[in-house]
C-alpha cells in the first residue's frame, strides 16, 4: 500500500475488556514494529517482527500484551484485561531493511480505557 | 542505560533559523535519527547521521559529534507548517535492528 495503515484510528473500551489493534505495513517491508506513545512523550518500543517471527518482544510491558504477524504482513497487537494505564496511542511502523532503512509509521490507534 | 535529552519546547518566528539539540547516552552507537510529528499524525523520518558532521536535506540539516554524544537538527527559513514535535532517536540495545529509543521530543512553535 501507499503507507502504513492502522485500524481502528480510535478505540474506546472499558477496563477489563480485550482489544485488538491492526497494522497493515507497506507492501514488501519485512520488518514491523509496535510502539506506544503517551501524551507529551516519545514513542516507546514494544515489539519487533522480522518476517513472521517476533525478533524482539522486550518492550511488552507484561503478559497481557501479545502481538502476532502470521503471514509476515499484517500484524495484530492484542491486549487482554485492559487497564486505564494502557490508554495511549499505539503506533505501528515498518521498514524495508531493519536497521538500515528508516521507520515508516502509521497514524496510530488512540486507545482509551475507561 | 540508554537515554536522550532534548529541550521540551522551542519558539521561533517565520523565516528564522532554529536549532534543536540532542544529547544521548548509549551502550553502543549506530547513528542518530530525527523524526517529525505533527499533532495527531505519524512520526515522519527526517534525517540520519552515522558519522560526524553535517548532513543537509533542503531546509533541514542534522549534525553529529560522536565524541560529544551530541547532535542537533537545524531548521532554516522556518515556515508555519514546521510547527510540530521533533524527536531524536538512537538504536536501542546492542546491534542495529531498527528498534529505536526516542527522546521526549521538542515542540517547535513557529509564530508569524
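The values are calculated or read from the model by the stated rules, or taken from the named source; none is laboratory data. Being a predicted model, the structure only gives us computed values, none of them experimental. Neighbour counts are summed over all protein chains in view; Cβ atoms, including those assigned to glycine, are modelled from backbone coordinates with ideal geometry.
Determine if the stretch B:18-35 includes at least one residue that is within 11 Å of another protein chain (Cβ to nearest Cβ) and at positive phi.
Yes, the conditions are met somewhere in the stretch B:18-35.
Could you please give the count of residues in the stretch A:56-77 that are within 14 Å of chain B (Cβ to nearest Cβ) and touching a residue at least 40 places away in the same chain (Cβ under 8 Å)?
0
Give B:64, B:73 a once-over and let me know the one that is crowded, with 20+ Cβ neighbours inside 10 Å, out of contact with any helix residue (DSSP H, G or I) (no Cβ under 8 Å at 6 or more places or on another chain) and farther than 26 Å from residue A:36 by Cβ. It would help to see each step written out before you state the result.
Values: B:73 fails: farther than 26 Å from residue A:36 by Cβ.
On inspection, the qualifying residue turns out to be B:64.
State which residue is surrounded by the most Cβ atoms within 10 Å (Cβ to Cβ) when the search covers only the stretch B:36-54 and only residues that are away from chain A (no Cβ under 12 Å) and either touching a strand residue (DSSP E or B) at 6+ places or on another chain (Cβ under 6 Å) or not in a strand (DSSP E or B) (or both). I'd like the intermediate steps shown before the answer.
Keep residues of the stretch B:36-54 that are away from chain A (no Cβ under 12 Å), which gives B:49, B:51-54.
Restricting the remaining residues to those that are either touching a strand residue (DSSP E or B) at 6+ places or on another chain (Cβ under 6 Å) or not in a strand (DSSP E or B) (or both) gives B:49, B:51-52, B:54.
Details: B:49: 20, B:51: 8, B:52: 12, B:54: 11.
Residue satisfying both the conditions and the ranking: B:49.
What do you reckon, is residue B:57 within 14 Å of chain A (Cβ to nearest Cβ), exposed (fewer than 13 other Cβ atoms within 10 Å of the Cβ) and without any contact (Cβ under 8 Å) to a residue 60 or more places away in the chain? It would help to see each step written out before you state the result.
Numbers: within 14 Å of chain A (Cβ to nearest Cβ): yes; exposed (fewer than 13 other Cβ atoms within 10 Å of the Cβ): yes; without any contact (Cβ under 8 Å) to a residue 60 or more places away in the chain: yes.
Against the criterion (within 14 Å of chain A (Cβ to nearest Cβ), exposed (fewer than 13 other Cβ atoms within 10 Å of the Cβ) and without any contact (Cβ under 8 Å) to a residue 60 or more places away in the chain), residue B:57 qualifies.
Can you confirm whether the stretch A:82-99 contains a residue that is within 10 Å of the chain's Cα centre (by Cα), at positive phi and crowded, with 19+ Cβ neighbours inside 10 Å?
So far as the stretch A:82-99 goes, no, none of its residues is within 10 Å of the chain's Cα centre (by Cα), at positive phi and crowded, with 19+ Cβ neighbours inside 10 Å.
Do any residues in the stretch B:90-110 that are farther than 19 Å from residue B:75 by Cα and more than 9 Å from every other protein chain (Cβ to nearest Cβ) have Cβ atoms under 8 Å from those of residues that are at pLDDT below 90 and in a loop (DSSP other than H, G, I, E, B), where the two are at least six apart or on different chains, and which pairs are they?
Listed by first residue and then by second, the contacts come to B:90/B:2; B:90/B:26; B:90/B:29; B:90/B:30; B:94/B:27; B:94/B:28.
Read through the list (1) touching a residue at least 60 places away in the same chain (Cβ under 8 Å); (2) surrounded by fewer than 13 Cβ atoms within 10 Å (Cβ to Cβ); (3) under 26 Å from residue A:104 (Cβ atoms), then give the number of the only condition that residue B:9 fails.
The single condition residue B:9 does not satisfy is (3).
Which count do you get for residues in the stretch A:78-114 that are farther than 16 Å from residue A:42 by Cα, more than 14 Å from chain B (Cβ to nearest Cβ) and not in a loop (DSSP other than H, G, I, E, B)? Even if it seems obvious, please write down each step before you answer.
So the first thing to find is which residues in the stretch A:78-114 are farther than 16 Å from residue A:42 by Cα, and the list is A:78-85, A:94-102, A:111-114.
Right, trim to more than 14 Å from chain B (Cβ to nearest Cβ) and you get A:78-85, A:111-114.
Now narrow it down to the ones that are not in a loop (DSSP other than H, G, I, E, B): A:78-79, A:84-85, A:111-113.
Number satisfying all stated conditions: 7.
Specify which of the listed residues (A:25, A:43) is in contact with a strand residue (DSSP E or B) (Cβ under 9 Å, 6 or more places away or on another chain), more than 11 Å from chain B (Cβ to nearest Cβ) and either in contact (Cβ under 8 Å) with a residue 12 or more places away in the chain or surrounded by 21 or more Cβ atoms within 10 Å (Cβ to Cβ) (or both). Spell out the reasoning first.
Numbers: A:43 fails: more than 11 Å from chain B (Cβ to nearest Cβ).
Selected residue: A:25, the only one of A:25, A:43 that is in contact with a strand residue (DSSP E or B) (Cβ under 9 Å, 6 or more places away or on another chain), more than 11 Å from chain B (Cβ to nearest Cβ) and either in contact (Cβ under 8 Å) with a residue 12 or more places away in the chain or surrounded by 21 or more Cβ atoms within 10 Å (Cβ to Cβ) (or both).
Test each condition in (1) assigned to a loop (DSSP other than H, G, I, E, B); (2) at the interface with chain A (Cβ under 9 Å from one of its Cβ atoms); (3) touching a strand residue (DSSP E or B) at 6+ places or on another chain (Cβ under 6 Å) for residue B:78 and report the one that comes out false.
Condition (2) is where residue B:78 drops out.
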